[in-house]
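A short write-up of the structure that comes next.
The values are calculated or read from the model by the stated rules, or taken from the named source; none is laboratory data. All values reported here derive from a predicted model rather than from experimental measurement. Heads up, the Cβs are rebuilt from the backbone with ideal geometry, glycines too, and the neighbour counts pull from every protein chain shown. Surface accessibility is based on the protein's heavy atoms, side chains included, excluding ligands, DNA and RNA. Shrake-Rupley method; radii C 1.70, N 1.55, O 1.52, S 1.80 Å.
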Amino acid sequence: MDYDASFTEQLDALRREGRYREFIELEREAGRFPHVLRHHVLRHHGDALSPAMVWCSNDYLGMGQHPAVIAAMRSALERCGAGAGGTRNISGTSHLHVALEHELADLHGTEAALLFNSGYMSNWATLSTLAARLPGCVVVCDQLIHASMIEGVRHSRAEKHIFRHNDPADLARILAAIAPERPRLVVFESVYSMDGDIAPIAEICDVAERYGALTYLDEVHAVGMYGPRGGGISERDGQARRLGVIEGTLAKAFGVMGGYIAGSAALCDFVRSFASGFIFTTALPPVLAAGAIAAIRHLKTSNVERETQRARVALLRRLLDAAGLPHLRNPSHIVPVMVGDAARCKAISDRLLEEHGMYVQPINYPTVARGTERLRFTPGPRHSEADIAGLVQALSSVWDELGLRRAA
């Protein structure tokens with residue numbers, strides 16, 4: 001078999017559909033984000049640098065640039081060096097790892113927390129462990145959960161059911177049909193990253209409690225962003241104490257890297273002791289833990305970043321409405337501008353970058369359903385009002401160049 005020919009054939013199919021993912025080479029400049037430098041090749045002129053502005057970063061509050069975070073990481077690097085030195089059980093547990101877990105447990109009001117190298121790993125390892133090791137466990141998932149959660153459930157080989165998105169009544173219907181003696185795990189998210197809608201956490205907890213189910217809430221797009229101390233939607237809505245597991249990330253609003261779970265001491269110890277994805281991987285470098293601690297502590301007491309970010313989102317939506325550019329309504333910080341075609345979505349992204357120096361990544365199938373292709377904007381506190389006005393003006397111009405329809 002010609003393996004490379006098979007690879008190339010399938011990659012060419014992606015290109016024909018407009019779904020081939022191009023990685024734009026960007027260089028973040030400390031203190032200047034969302035301004036970045038773009039590395040690219042100019043025909044006949046070799047490598048080149050040009051300025052660009054990022055409009056789709058998950059560093060929602062710009063904490064990756066915050067002076068307190070950078071200072072904490074610089075200090076930790078000087079004290080601890082670069083790496084962790086091993087897995088957590090073989091020379092890799094740093095005092096900073098332990099301090100970060102205490103900080104996270106305090107953030108969510110739980111007995112304990114457990115640190116992972118990424119949000120993907122925390123979902124995959126925790127869900128695969130819980131569902132596999134609770135005898136006879138049945139997992140009931142919202143239909144739009146993240147790929148990391150899907151993979152964790154799949155790896156567990158537990159029985160799985162899917163309830164309609166954000167529909168507590170459908171969840172109740174499924175739970176009622178499961179034998180009462182079987183463990184049940186309800187898996188859902190707070191903020192869904194593509195549509196930006198928010199789960200009815202209280203209602204889902206009501207149903208789960210009625211049927212004795214353990215709840216697992218992914219708050220990766222909400223931690224740092226919502227609640228008086230940045231504890232997420234569950235904190236904002238006063239529901240954190242009702243959840244069995246709160247999962248989050250350090251790589252979005254907190255601006256660094258890593259994932260975690262928060263819950264009871266017994267549950268966290270159980271995952272620590274049985275999850276291969278935790279046990280057999282080198283620990284997160286202490287320097288990253290130090291940065292995360294600084295970001296969490298800052299956002300526990302500062303609302304300036306959250307308030308400014310919300311003002312920028314509101315302004316972007318008003319200007320999109322005034323320009324007749326279709327965007328999906330939701331109550332979160334995510335602004336999806338709906339295109340509905342993969343090739344056109346990529347064409348808009350390309351023109352915004354090449355002609356206007358504005359970077360936003362097209363979101364196509366399989367991340368979203370075919371026919372719902374979109375540009376996903378995440379304006380932050382470091383975007384100025386003038387930046388947002390310039391973005392909408394550029395987007396409006398490209399929209400007309402491609403002959404796309406305006407919203408009513």
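How would you classify the range 348-387 from its alpha-carbon gyration tensor, with a ≥ b ≥ c the square roots of the eigenvalues: rounded for a/c under 1.5, else prolate if a/b is greater than b/c, otherwise oblate?
On the way: a/c = 3.56, a/b = 1.65, b/c = 2.16.
Oblate.
Using a Förster radius of 45 Å, what is the FRET efficiency between GLU159 and ASP321 based on their Cβ-Cβ separation? Nearest 0.05, please.
Details: r = 45 Å, r/R0 = 1.01.
About 0.50, to the nearest 0.05.
Send over the Kirkwood Rh of the chain, from the inverse of the averaged 1/r over different Cα pairs, rounded to one decimal Å.
Numbers: mean 1/r = 0.0443 Å⁻¹.
Here the Kirkwood hydrodynamic radius works out to 22.6 Å.
Based on the Kirkwood radius over alpha-carbon pairs, what is the Stokes-Einstein translational diffusion coefficient of the range 3-67 at 25 °C with 0.890 mPa s viscosity, in µm²/s? Please report the intermediate quantities before stating the final value.
Numbers: Rh = 14.6 Å.
Answer, rounded: 168 µm²/s.
By how many degrees, 0 to 90 and rounded to 10, does the Cα axis of helix 342-356 deviate from the longest principal axis of the chain?
Result, in degrees: 60.
In what order, largest first, do VAL245, VAL256, VAL304 sit by accessible area if the probe radius is 1.4 Å?
On the way: VAL245 0, VAL256 25, VAL304 95 Å².
Sorted descending by solvent-accessible area, the residues read VAL304, VAL256, VAL245.
At 0.36 nm per residue, minus the direct Cα-Cα distance, what do ALA389 and ALA314 gain on full extension? Give it in nm, one decimal, please. Walk me through the numbers on the way to the answer.
Values: separation 75, 0.36 × 75 = 27.00 nm, distance 1.22 nm.
Between ALA389 and ALA314, full extension yields an extra 25.8 nm.
Would you look at the GNM of the chain, springs on alpha carbons closer than 10 Å, and say which of LEU217, LEU11, LEU77 moves the most?
For the chain, modelled as a Gaussian network with Cα springs under 10 Å, the answer is LEU11.
Fully extended, how many nm does the chain gain between GLU78 and GLU181 (0.36 nm per residue separation, minus their Cα-Cα distance)?
Details: separation 103, 0.36 × 103 = 37.08 nm, distance 5.38 nm.
Gain on extension, GLU78 to GLU181, equals 31.7 nm.
Based on the alpha-carbon gyration tensor of the range 302-391 and its eigenvalue square roots a ≥ b ≥ c, which shape applies: rounded if a/c is under 1.5, prolate if not and a/b is larger than b/c, or oblate? Please report the intermediate quantities before stating the final value.
Working: a/c = 1.92, a/b = 1.51, b/c = 1.27.
Prolate shape, in that a/c is at least 1.5 and a/b is the bigger ratio.
Could you state the accessible area per residue of the range 158-303 in Å², with a 1.4 Å probe and every protein chain left in place?
Details: 4970 Å² over 146 residues.
With all protein chains present, the range 158-303 gives 34 Å² per residue.
Which distance in Å, rounded to a whole number, links the C-alpha centroids of the range 149-192 and the range 278-342?
One Cα centre to the other: 27 Å.
Which angle from 0 to 90°, rounded to the nearest 10, does the C-alpha axis of helix 385-401 make with the longest principal axis of the chain?
The two axes meet at around 70 degrees.
Provide the net charge surrounding VAL220, with neighbours chosen by a C-beta distance below 12 Å and charges set as Lys +1, Arg +1, Asp -1, Glu -1.
Numbers: positive: LYS252; negative: GLU189, ASP218, GLU219, GLU247.
Here the charged neighbours net out to -3.
Largest first, what is the accessible-area ranking of THR301, THR308, THR126, THR93 with a 1.4 Å probe?
On the way: THR301 120, THR308 40, THR126 0, THR93 70 Å².
Ranking THR301, THR308, THR126, THR93 by accessible area, largest first, yields THR301, THR93, THR308, THR126.
When the accessible area of the range 249-342 is computed with all protein chains present and a 1.4 Å probe, what percentage of it is carbon and sulfur?
The C+S portion of the solvent-accessible surface of the range 249-342 is 58 percent.
Going through the range 144-215, which GluC sites (Glu not before Pro) have at most 10 other Cβ atoms within 10 Å and a DSSP loop state? Walk me through the numbers on the way to the answer.
Details: sites: GLU151, GLU159, GLU181, GLU189, GLU203, GLU209; in loops: GLU181.
Hits after loop and neighbour filter: GLU181.
Mind checking the angle between helix 95-108 and the chain's longest principal axis? C-alpha axes, 0 to 90 degrees, to the nearest 10.
With rounding to tens, the tilt is 90 degrees.
With only Lys, Arg, Asp and Glu charged, each at its Cβ (+1 for the first two, -1 for the last two), find how big the charge dipole of the range 22-165 is about the Cα centre; round to the nearest 20 debye. Show your work: numbers first, answer last.
On the way: 12 positive and 14 negative charges, 59 e Å.
About 280 debye.
With point charges of +1 on the Cβ of Lys and Arg and -1 on the Cβ of Asp and Glu, referenced to the Cα centre of the chain, which listed residue (ALA202, PRO180, MET225) lies farthest in the positive direction of the dipole?
Sorting the options by dipole projection puts first ALA202.
What does the extension gain come out to for GLU22 and ARG241, with contour length at 0.36 nm per residue minus their alpha carbon separation?
Gain on stretching GLU22 to ARG241: 74.6 nm.
Would the range 232-344 count as rounded, prolate or oblate if I go by the C-alpha gyration tensor, calling it rounded below 1.5 in a/c and otherwise prolate when a/b exceeds b/c, oblate otherwise? Walk me through the intermediate numbers first.
Values: a/c = 2.10, a/b = 1.87, b/c = 1.12.
Because a/c hits 1.5 or more and a/b exceeds b/c, the range 232-344 counts as prolate.
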